[in-house]
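Each remark here refers to the structure printed beneath this line.
The values are calculated or read from the model by the stated rules, or taken from the named source; none is laboratory data. It should be emphasised that the depicted structure is a prediction, and the values quoted were computed from it without experimental measurement. So basically every Cβ, Gly included, is an ideal-geometry build from the backbone, and we count neighbours across all protein chains shown. Only protein heavy atoms, including side chains, enter the accessible area calculation; ligands, DNA and RNA are left aside. Shrake-Rupley method; radii C 1.70, N 1.55, O 1.52, S 1.80 Å.
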Amino acid sequence: MNPQTALHSAESAEQARTADPAARIYLNLIGGVWVPARSGRTFENRNPARPSDLIGTFPESGREDVEAAVQAASRAFKTWRLVPAPRRAEAIYRAAEILRDRKEALARAMTREMGKVLAETRGDVQEAIDMAYYIAAEGRRLFGVTAPSELPHKFAMSIRQPMGVCGLITPWNFPMAIPSWKIFPALVSGNTVVIKPATDTPASAHHLVEILVEAGVPEGVVNVVHGGGSAVGVPLTESAGVSMISFTGSSEVGKMIAERTAGSLKRLSLELGGKNAQIVLEDADLDLAVDGALWGAFGTTGQRCTATSRLIVTRSVHDEMVSRLVERAGKLRLGDGLEPGIDIGPVVNRGQRDRVHAYVEIGKAEGAKLVTGGSPAEDGALAQGHFYKPTIFDHVTPAMRIAVEEIFGPVLSVITVSSFEEAIQVLNGTPYGLSSSIYTADVNRAMRAIRDIEAGITYVNGPTIGAEVQLPFGGVKETGNGHREGGPTVIDAFTEWKSVYIDYSGKLQKAQIDR
Ligand code: UN1
């Protein structure tokens, strides 16, 4: 099937309706054909602000669907790897233009599916656009290195080669941006992919893939298999036809994937949890620090791996920071993210909301002082959705579970320290190391923080969220396994190095021996 035919199938798939007239029937994409799960089973996707709003049904796939997709991707790899990288990049560039033209509609669909407010879903689509333009340019780079040979009449270089079929497992909090960080670099490098999007946000990933088909990516190069972690994610990680797995999600699942794939030694690029902190020193601009903490803690309803979940303040600014934060947090407007004036959307599903609340109960039992929020928001229309009040705990100590474990919701823990040194020590005292931030006017302490903070990202006088696509993204310790998606380093995650020696001396030369 050529891409155009695949596109028509996509349109007919899109036109199919469930019994609910607003809802659509979505399908898997395998080898350029839109197909249901072999089992015929489906799962539902609902709006977290109004769960009565059914967005669509998606295939509840299993191992055989995964294997069919991996085989299609393996077949497509034979030809895609030979397409010159600048040509591969042209398809990604076309996808960037389509994404840009449809940004508003894609953002609206994403808010309906995932809940975060429209300004933020526009940002999510923009991040996919940024990544597409950035990676399209990489098609004319994919730089290798040349080095002098130690022998005469001999040429030495290292080149990048694609890996084969990449299995991509993506989360629901950045439903288009994170798939774009993985799909575009994988494709420009000459790989083919099978993606398993999160079951909470399958439509946004579907829209991205549809755009790639429209942009002319040949059949089998991008395949989508919808379904859950055990039914689809596990077979994908176990498939012998998959050369590498890129996963963004919790450290717990990341470790399970690492264990399951240990026997095959396939490459894993893992971007996992965070317990990110913002430090506020006594010389900080407090207006800026309050704005940053609110945005970092409650933007995306706290559901970013880079979210600010700890605020580490020096004693002299503690009272001022906490009282200002409590006042401002109380004024944030919760609601359907498609409505104007809303600051915070719902938590993605009921299970996540219950999990956030369970952590709030843990915090109270540990003796932290709840100063605002601390319960589901159920006034009026909010009662229908999975809303949770922006929550702040004061008097948190570094060993409390709410100061150590990733909550992934709108909960901020305030920890008071006596010095800059103690602030850094507390910041580093979790198993995670993704993002971090320090507010200070003292350039010497800012520079020491940049050196001493154990994290993949450090912001100075900015919140812990807001990474840009052209820099490496990822973290240290239990946040990952050393890969960085984003920036030039993303190409390392999706390529193998090959070193090449060309001897034009016409005789046998022996390295290390002929001197
Ligand atoms: C995430 O935190 O899950 O840096 C991804 C940011 C966004 C990406 C966040 N550009 O906040």
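Annotations for the structure displayed:
- Listed cross-link partners 275/364; 182/498; 275/498; 182/477 are compared with a 29 Å cut-off, the Cα-Cα value being larger for 275/498.
- Each peptide among 55-66, 346-357 gets the average number of other Cβ atoms lying within 10 Å of its residues, and from highest to lowest they stand as 55-66, 346-357.
- The range 224-268-the range 380-406 distance, computed between alpha-carbon centres (Å): 30
- Sequence of 244, 447, 163 when ordered by accessible area, the most exposed leading, probe 1.4 angstrom: 447, 163, 244
- Residue separation of residue 41 and residue 149 scaled by 0.36 nm, minus their Cα-Cα distance, works out to 33.0 nm of gained length.
- Using θ = phi - 60° in the Karplus curve 6.51 cos²θ - 1.76 cosθ + 1.60, the 3J(HN,Hα) couplings for the range 270-279 round to 10, 10, 10, x, x, 9, 6, 10, 10, 8 Hz; x is entered for Gly and Pro.
- Helix-derived mean residue ellipticity, 222 nm - over the chain, DSSP H n ≥ 4, -39500 (n - 2.57), to 500: -12000 deg cm²/dmol
- Extension gain (nm, one decimal) between residue 82 and residue 291, 0.36 nm per residue minus Cα-Cα: 70.3 nm
- For the range 22-127, the carbon plus sulfur part of the accessible surface works out to 52%, probe radius 1.4 Å.
- Reciprocal mean inverse distance between Cα atoms of the range 276-460 - Kirkwood radius, Å: 16.4
- Accessible area expressed per residue, the range 276-460, with surrounding protein chains retained (probe 1.4 Å, Å²): 38
- Low-density loop cleavage sites - GluC sites (Glu not before Pro) in the range 98-203, where at most 13 other Cβ are within 10 Å (DSSP): 150
- Carbon plus sulfur fraction of accessible area for the range 276-460, probe 1.4 Å, in percent: 51
- In the context of the full protein assembly, residue 199 retains an accessible surface of approximately 60 Å², using a probe radius of 1.4 Å and ignoring ligands and nucleic acids.
- At q = 0.08, 0.09, 0.11 Å⁻¹, base-10 log of I(q)/I(0) for the chain (Debye sum, equal scatterers on each alpha carbon): -0.52, -0.65, -0.94
- Cα gyration tensor, the range 146-244 - rounded (a/c under 1.5), prolate or oblate: prolate
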